[in-house]
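The values are calculated or read from the model by the stated rules, or taken from the named source; none is laboratory data. This is a predicted model, so every value here is computed, not measured. A quick note on method: Cβ atoms are made from the backbone with ideal geometry, for glycine too, and the neighbour counts reach across all protein chains shown. When the accessible area is computed, the model is the full protein with side chains, heavy atoms only, and any ligands, DNA or RNA have been set aside. Shrake-Rupley method; radii C 1.70, N 1.55, O 1.52, S 1.80 Å.
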Amino acid sequence: MKKVALVIAEREFRDEEYQVPHRILKEAGFSVLTASTSTSTAVGKLGLKVRPDTLISDLKPDELDALVFIGGGGSEQYFDDPLAHRLASAMVELDRVLGAICIAPVILAKAKVLEGKKATVFPDGASILKQYGADYTESDVEIDGKIITGNGPDAADAFGRSLIRLLS
């Protein structure tokens, strides 16, 4: 069974960007792990409560088929996080699927894995993606190789379905 880790912030992750891909992945038969910087209950921007399965520090890229950073204002906690950057880089080095939605593609840009890659992001992150060498496309969902980015909550369904296609 393929294993996907969804990384959420402790507070203010975007509920539907987590819920929708999570449901789509589960329905497709994937093992879905929720990770954060604490295993205490995380609370989404719209009030969704999620108890992470594991700590982001316990994720092992070689045991994952995909790693996805969920957006929302809280994901800013990972923008300059060396561990998040190392995990993103490791997924690329292992040729595994790496994803981010909403403002979270900023994490991938700052991890320097979007250089020369087509990517999208919530509009207020566009300048950061460009600054780090990404080819910003404004698309709802963008796939370049094994890297998938989505631009916000309205893209959650298409993002989840695109993840399934990349993993199949």
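Of the numbered conditions (1) under 29 Å from Pro123 (Cβ atoms); (2) open to solvent by 10 Å² or more (accessible area, probe 1.4 Å); (3) hydrophobic (A, V, I, L, M, F, W, C), Ala28 satisfies every one except a single condition; which is it?
Going through (1) under 29 Å from Pro123 (Cβ atoms); (2) open to solvent by 10 Å² or more (accessible area, probe 1.4 Å); (3) hydrophobic (A, V, I, L, M, F, W, C) one by one, Ala28 breaks only (1).
List every residue pair whose Cβ atoms lie under 6 Å apart, where the two residues are 6 or more positions apart in sequence or sit on different chains, the first residue falls within segment 66-84 and is farther than 26 Å from Met1 by Cα, and the second residue, located anywhere, is open to solvent by 10 Å² or more (accessible area, probe 1.4 Å) and in a strand (DSSP E or B).
Short answer, once both residue conditions are applied: Gly72/Glu12; Gly73/Glu12; Gly74/Arg11; Gly74/Glu12.
Please go through segment 45-64 and pick out each residue that is more than 17 Å from Ser89 (Cβ to Cβ) and either of a type outside the set (A, V, I, L, M) or open to solvent by 100 Å² or more (accessible area, probe 1.4 Å) (or both). Lay out the reasoning, then the answer.
To start, the set of residues in segment 45-64 that are more than 17 Å from Ser89 (Cβ to Cβ) comprises 45-55, 58.
Across segment 45-64, the qualifying residues are Lys45, Leu46, Gly47, Lys49, Arg51, Pro52, Asp53, Thr54, Asp58.
What residue, among those in segment 122-168 that are in contact with a Cys (Cβ under 9 Å, 6 or more places away or on another chain) and not in a helix (DSSP H, G or I), is surrounded by the fewest Cβ atoms within 10 Å (Cβ to Cβ)?
Gly152
If we keep just the residues of segment 65-87 that are more than 18 Å from Ile147 (Cα to Cα) and in contact with a Lys or Arg (Cβ under 6 Å, 6 or more places away or on another chain), which is surrounded by the most Cβ atoms within 10 Å (Cβ to Cβ)?
Checking each candidate, the answer is Gly72.
Of all residues in segment 1-38, how many are of a type in the set (Val, Ile, Thr) and in contact with a Leu (Cβ under 6 Å, 6 or more places away or on another chain)?
Step one: filter segment 1-38 for residues of a type in the set (Val, Ile, Thr), giving 4, 7-8, 20, 24, 32, 34, 37.
Of the ones still in play, those that are also in contact with a Leu (Cβ under 6 Å, 6 or more places away or on another chain) are 4, 32, 34.
Within segment 1-38, residues that are of a type in the set (Val, Ile, Thr) and in contact with a Leu (Cβ under 6 Å, 6 or more places away or on another chain) number 3.
When segment 114-148 is examined, which residues are found to be farther than 15 Å from Phe79 by Cβ and among the β-branched types (Val, Ile, Thr)?
Thr120, Thr137, Val141, Ile143, Ile147, Ile148, listed by residue number.
Among Ala119, Ala90, which is open to solvent by less than 50 Å² (accessible area, probe 1.4 Å) and either without any contact (Cβ under 8 Å) to a residue 24 or more places away in the chain or within 13 Å of the chain's Cα centre (by Cα) (or both)? Give the steps one after another, and end with the answer.
On the way: Ala90 fails: either without any contact (Cβ under 8 Å) to a residue 24 or more places away in the chain or within 13 Å of the chain's Cα centre (by Cα) (or both).
Every option except Ala119 fails the conditions.
Would you point out the residue of segment 27-85, among those that are part of a helix (DSSP H, G or I) and of a type in the set (Ser, Thr, Tyr), that is farthest from Ala104 (Cα to Cα)? Can you show your working first?
Start the filter on segment 27-85 by keeping residues that are part of a helix (DSSP H, G or I), which leaves 27, 56-58, 61-63, 73-78, 82-85.
Within this subset, residues satisfying the condition of being of a type in the set (Ser, Thr, Tyr) are 57, 75, 78.
Numbers: Ser57: 18, Ser75: 6, Tyr78: 8 Å.
Ranking the candidates gives Ser57 first.
Looking at segment 93-116 only, could you name the residues that are outside any loop (DSSP other than H, G, I, E, B), within 21 Å of Arg165 (Cα to Cα) and either in contact with an Asp or Glu (Cβ under 9 Å, 6 or more places away or on another chain) or open to solvent by less than 60 Å² (accessible area, probe 1.4 Å) (or both)? I'd like the intermediate steps shown before the answer.
In the first step, residues of segment 93-116 are kept if they are outside any loop (DSSP other than H, G, I, E, B); the result is 93, 97-101, 105-110.
Add one more test, that the residue is within 21 Å of Arg165 (Cα to Cα), and what stays is 93, 97-101, 105, 108.
If the condition is that a residue be outside any loop (DSSP other than H, G, I, E, B), within 21 Å of Arg165 (Cα to Cα) and either in contact with an Asp or Glu (Cβ under 9 Å, 6 or more places away or on another chain) or open to solvent by less than 60 Å² (accessible area, probe 1.4 Å) (or both), then Val97, Leu98, Gly99, Ala100, Ile101, Pro105, Leu108 are the ones that fit.
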